[in-house]
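For reference, the structure discussed in these notes is given below.
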Amino acid sequence: MTGYVGAMSGDIHSMKLNISSMDAKIGSMNTNISGMAGNLTSMDSSVATMADSIPAITGSMIDMSHNLNRMTFDIARGTDAFTQPMSYMWGNMFPM
């Protein structure tokens, strides 16, 4: 019986070391999870800011598209006036 008790004592000592190691690893995991929670909170704030900016960006893109359309029209008119000055001046009632 003493042999069994001695073996159990060794097993219990080994279990104690394993439990201590697990405790340290769980503590490290807890720290990492807390860091991740802080990062997710920061990311949530950044995504909310981006979501608020999307309508303004969309409006700016629409304005740029309209301005590009106007510029294309003006360049076409200028090209027509440059390549065919006589027909452009006398062919249209309001040349420019």
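All of D74, D52 fail the test of being surrounded by fewer than 10 Cβ atoms within 10 Å (Cβ to Cβ) and of a type in the set (D, E, K, R), apart from D52.
A81: hydrophobic (A, V, I, L, M, F, W, C) and either in contact with a helix residue (DSSP H, G or I) (Cβ under 6 Å, 6 or more places away or on another chain) or in contact (Cβ under 8 Å) with a residue 12 or more places away in the chain (or both), yes or no? Yes.
We did not get these values from a lab; they are worked out from the coordinates using the rules stated. On a predicted model such as this, the values are computed, not experimentally measured, just so you know. Using ideal geometry, Cβ is built from the backbone for each residue, glycine included, and neighbour counts are taken over all protein chains shown.
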